[in-house]
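Working notes for the structure below.
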Amino acid sequence: MLPFTYAAASDTAAALRLISASRDTAFIAGGTDLLQLLQEKVLAPRTVIDINGLPFRGVQREADTVRIGSLTRLSDVADDPTIRLDFPLLAQALRETASPQVRNMASVGGNLLQRTRCLYFRDATVPCNKREPGSGCPAQDGLNRINAIFGGSEHCIAAYPGDMAVALLALDAELVVQGETGERRMRLADFYRQPGDTPQLETTLEPGELITAILLPPNNAAEHSHYLKLRDRATFEWALVSVAVALEMHEQRIERARIVAGGVGTTPWRLSRVEEMLLGATLTADLARQAGDSAGTGAAPKAGNAFKVPMLQRAVERAVLNAGGLA
Ligand SMILES: Cc1cc2nc3c(=O)[nH]c(=O)nc-3n(C[C@H](O)[C@H](O)[C@H](O)COP(=O)(O)OP(=O)(O)OC[C@H]3O[C@@H](n4cnc5c(N)ncnc54)[C@H](O)[C@@H]3O)c2cc1C
Ligand code: SF4
């Protein structure tokens with residue numbers, strides 16, 4: 001780890017002032033990802049700004065929306081009674097995240113911004129376009145077992161690794177962000193960027209902006225939702241494939257469907273084709289199988305991760321059956 005200056009922000013204005021004072025600066029919340037990246041010299045900011053003193057904590061109901069402060073720890077969100085009752089999909093995805101120790105430390109804001117697990121990105125001794133633009137992408141023909149099968153480009157095929165954002169996208173969540181010029185809201189669907197020819201740019205967050213909250217609109221999918229995560233070991237591990245399903249059903253008829261996959265896309269990946277197949281149909285085992293089969297449409301796997309296509313297909317089938325109560 002290279003030396004850096006530590007500064008604790010006493011309020012939001014101070015945090016934004018400190019970050020705008022230098023381009024070579026990083027916020028730290030729980031530190032569970034940032035510190036790893038500093039230790040491995042993947043990042044080397046000159047100043048680290050601790051934002052844990054800012055008032056962005058807790059889960060609150062505001063009219064028909066639920067607001068989660070960006071510094072709320074994953075375990076607190078997973079255990080919150082409102083989240084468990086009205087957004088069980090989110091609670092389930094969080095319980096499947098990392099380990100109890102990490103969940104106690106990690107914030108939801110930091111979770112949204114965790115960096116890819118691509119082996120080359122995390123090894124500062126090898127080229128990587130995301131870490132060092134223009135240096136190359138050894139994952140294309142190298143070790144790509146954990147990389148993306150959707151949304152990649154010739155410049156980068158890194159998979160988005162998180163669980164929470166997959167569930168949040170299925171719940172149509174929004175983010176509140178604050179910069180020096182004020183506050184703005186954006187749909188989570190507009191937050192993550194595909195790599196294209198600028199894989200170093202991962203989100204639409206402007207430099208120096210803080211995430212202050214996640215907003216959850218009301219939904220009628222609580223009874224028919226499911227998060228399924230497939231990984232190499234049962235805990236302490238990112239998804240090879242995950243699927244978040246949120247269905248609104250009248251008896252067995254599907255009136256609204258959100259199906260989002262994790263571990264397979266360069267961003268949390270909405271499976272629109274699957275949604276179209278389910279919408280307006282009566283849920284049966286046959287329909288779930290056909291919907292699962294369609295989940296691989298458009299995939300562009302590499303030699304090391306072709307297994308993710310059938311894994312995703314069967315994960316979608318199982319998650320839809322679970323959500324619909326037919327498992
Ligand atoms: C062993 C292990 C296993 C894991 N397994 C999983 C898993 O299965 N699923 C999963 O989803 N995650 C997993 N993780 C990742 C973990 O969930 C993230 O590291 C964590 O959520 C990041 O949150 P943090 O508060 O610690 O972020 P930090 O490390 O403090 O920050 C991460 C990034 O976010 C930025 N940041 C933080 N907060 C804000 C904010 N409010 N506004 C703007 N920028 C901000 C920081 O500058 C930094 O760039 C695992 C981590 C470990 C160590
Ligand atoms: S896939 Fe992306 S993160 Fe991985 S080596 Fe290629 S450019 Fe780097």
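The values are calculated or read from the model by the stated rules, or taken from the named source; none is laboratory data. The shown structure was predicted, so the numbers you read here are calculated from the model rather than taken from an experiment. Using ideal geometry, Cβ is built from the backbone for each residue, glycine included, and neighbour counts are taken over all protein chains shown. We work out accessible area using only protein heavy atoms, side chains counted, and drop any ligands, DNA or RNA first. Shrake-Rupley method; radii C 1.70, N 1.55, O 1.52, S 1.80 Å.
A dipole drawn for the range 148-302 from +1 and -1 charges on Cβ atoms has a positive end, and of 182, 226, 268 the residue lying farthest that way is 226. Largest GNM mean-square fluctuation among 213, 21, 299, using the chain with Cα springs under 10 Å: 21. Between the amide H of residue 241 and those of 230, distances stay under 5 Å, these residues lying 5 or more places away or on another chain, with hydrogens modeled in the peptide plane.
Normalising by the residue count of the range 228-327, find the relative contact order in percent from Cα pairs under 8 Å and 6+ residues apart. Walk me through the intermediate numbers first.
On the way: 165 pairs, mean separation 25.1, N = 100.
In percent, rounded to a whole number, it is 25.
A full extension of the chain between residue 231 and residue 4 corresponds to an added length of 78.2 nm, given 0.36 nm per residue minus the alpha carbon distance.
Loop-located GluC sites (Glu not before Pro) in the range 127-199 (DSSP state not H, G, I, E or B) with no more than 11 neighbouring Cβ atoms inside 10 Å: 154. For the range 121-229, report the % of Cα-Cα distances exceeding 22 Å. The proportion of pairs with Cα distances above 22 Å equals 46 percent.
Shape call for the range 7-123 from the C-alpha gyration tensor, a ≥ b ≥ c root eigenvalues: rounded (a/c under 1.5), prolate (a/b greater than b/c) or oblate? Intermediate results must be reported in sequence, preceding the final value.
Values: a/c = 2.67, a/b = 1.36, b/c = 1.97.
The shape class here is oblate.
Per residue, what accessible area does the chain have, given a 1.4 Å probe and all protein chains present, in Å²?
Working: 14520 Å² over 327 residues.
With all protein chains present, the chain gives 44 Å² per residue.
Largest GNM mean-square fluctuation across 86, 33, 190, computed for the chain with C-alpha springs under 10 Å, falls on 190.
Using DSSP to define loop residues, name the trypsin sites (Lys or Arg not before Pro) in the range 46-112 whose beta-carbon has at most 13 other beta-carbon atoms within 10 Å. Working shown, then result.
Numbers: sites: 46, 57, 61, 67, 73, 84, 95, 103; in loops: 46, 57.
Here the trypsin sites (Lys or Arg not before Pro) that fit, given the DSSP loop and packing criteria, are 46.
Considering only DSSP states other than H, G, I, E and B, which chymotrypsin sites (Phe, Trp or Tyr not before Pro) in the range 186-227 qualify as loop sites with at most 10 other Cβ atoms within 10 Å?
Values: sites: 191, 192, 227; in loops: 191.
Sparse-neighbourhood loop chymotrypsin sites (Phe, Trp or Tyr not before Pro): none present.
How large a share of the accessible area of the chain, in percent, is made up of carbon and sulfur atoms when the probe is 1.4 Å and the other protein chains stay in place? Heavy-atom surface of the chain belonging to carbon and sulfur, 1.4 Å probe: 50 percent.
FRET efficiency for the residue 23 to residue 85 pair, using the beta carbon distance and R₀ = 30 Å, is estimated at 0.10. Could you check which residue among 240, 312, 287 shows the biggest mean-square fluctuation in a GNM of the chain with a 10 Å Cα cutoff? With Cα springs under 10 Å in the chain, the top fluctuation among 240, 312, 287 is at 287. Here the label points at residue 184 and residue 122, each 7 Å from Cα along the C-beta direction, are separated by 3.2 nm in the simple model. Derived from the Cα gyration tensor, the three semi-axes of the equivalent ellipsoid of the chain are 32, 25, 16 Å, largest first. Compared with the direct C-alpha span, the chain from residue 62 to residue 13 gains 15.2 nm at full extension, assuming 0.36 nm per residue.
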